[in-house]
Amino acid sequence: MGTREEHLEREQAAWEAFLAVVATVPADRLDDRSVVPGWSAKDLIWHNAGWATFAAEQLEEMVDGPFADPFEGVEAAHWDKVSEAMVEEGRALTFDEAMTAAEAARASMRTVWSSLPEIDDDRARLFAEETFLHYDDHAAEIRRYLGSADLR
C-alpha cells in the first residue's frame, strides 16, 4: 500500500514527470487534439485535475465512514462521459488557466489525503489511480504522440 508520505512523494514525482513531458510539446501544438484521439496536451492537464478533484471529493465524503468505491457497479461508459465533459469544460480555458486550476486541484487532493485520519488499501488505491498512476498513463500517451508526430 505505501505510507501516506510515500503516496504524496509519488504524486509529486509523477506530476513533475508529466509536466516535463508536456513541456516538450511545441507551444503551437498544446491544443492539438491528436495527442490522444480527440484530446490535446492541455486537455490532459485539465483531465488529470478533474480526476484529482473527483478523488479528493470522494475521500472527503468518506473521511468518517467506511470506504465506498465510487466506481463499483457503474459502467465504464458513464465515466467516459464524465471525462469528456471534464475535457469540454476545460477547453474554454487558456493553457495557463488550465495549469493554475490543475495545481489548485492537486493541492486540494494533497490536503484531503494528508488530513485523512487513517489510510487503508482502498483509499490508497483511489488516491494512486486518480493521481500518480493517471499522470503516468497520460505522460506515456504524450511521449507516444511526440514520437509519432511530424513536429517540423
task: Could you tell me which numbered condition L19 fails, if it satisfies all but one of (1) touching a Leu at 6+ places or on another chain (Cβ under 8 Å); (2) closer than 25 Å to E88 by Cβ; (3) not small (G, A, S)?
output: (1)
- request: Could you check how many residues of segment 22-41 are over 14 Å from E88 (Cα atoms) and assigned to a helix (DSSP H, G or I)?
  value: 4
message: Going by what's in this entry, would D136 be described as surrounded by 13 or more Cβ atoms within 10 Å (Cβ to Cβ) and touching a residue at least 60 places away in the same chain (Cβ under 8 Å)?
response: yes
query: Mind checking whether some residue in segment 3-18 is surrounded by 19 or more Cβ atoms within 10 Å (Cβ to Cβ), touching a residue at least 24 places away in the same chain (Cβ under 8 Å) and β-branched (V, I, T)?
result: no
task: Would you mind stating whether L44 is part of a helix (DSSP H, G or I), surrounded by fewer than 21 Cβ atoms within 10 Å (Cβ to Cβ) and of a type outside the set (K, R)?
output: no
task: Answer yes or no as to whether M109 is closer than 19 Å to G38 by Cβ and of a type outside the set (S, T, N, Q).
output: no
query: Has segment 21-32 got at least one residue that is surrounded by 14 or more Cβ atoms within 10 Å (Cβ to Cβ), basic (K, R) and touching a Gly at 6+ places or on another chain (Cβ under 9 Å)?
result: no
query: Does segment 28-45 contain at least one residue that is among the small types (G, A, S), under 29 Å from E118 (Cα atoms) and within 15 Å of the chain's Cα centre (by Cα)?
result: no
- request: Say whether the condition of being basic (K, R) and over 18 Å from Y135 (Cα atoms) is met by at least one residue in segment 67-83.
  value: yes
- request: Filter segment 83-140 down to residues that are part of a loop (DSSP other than H, G, I, E, B) and either at pLDDT 95 or above or within 12 Å of W51 (Cα to Cα) (or both), then give me how many there are.
  value: 1
- prompt: Going through segment 102-123 one residue at a time, which ones are among the aliphatic types (A, V, I, L, M) and crowded, with 18+ Cβ neighbours inside 10 Å?
  reply: A102, A105, M109, V112
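The values are calculated or read from the model by the stated rules, or taken from the named source; none is laboratory data. Note that the coordinates shown come from a computational prediction; the quantities given were computed from them, not determined experimentally. Positions of Cβ are backbone-derived with ideal geometry, glycine not excepted, and every protein chain shown enters the neighbour counts.
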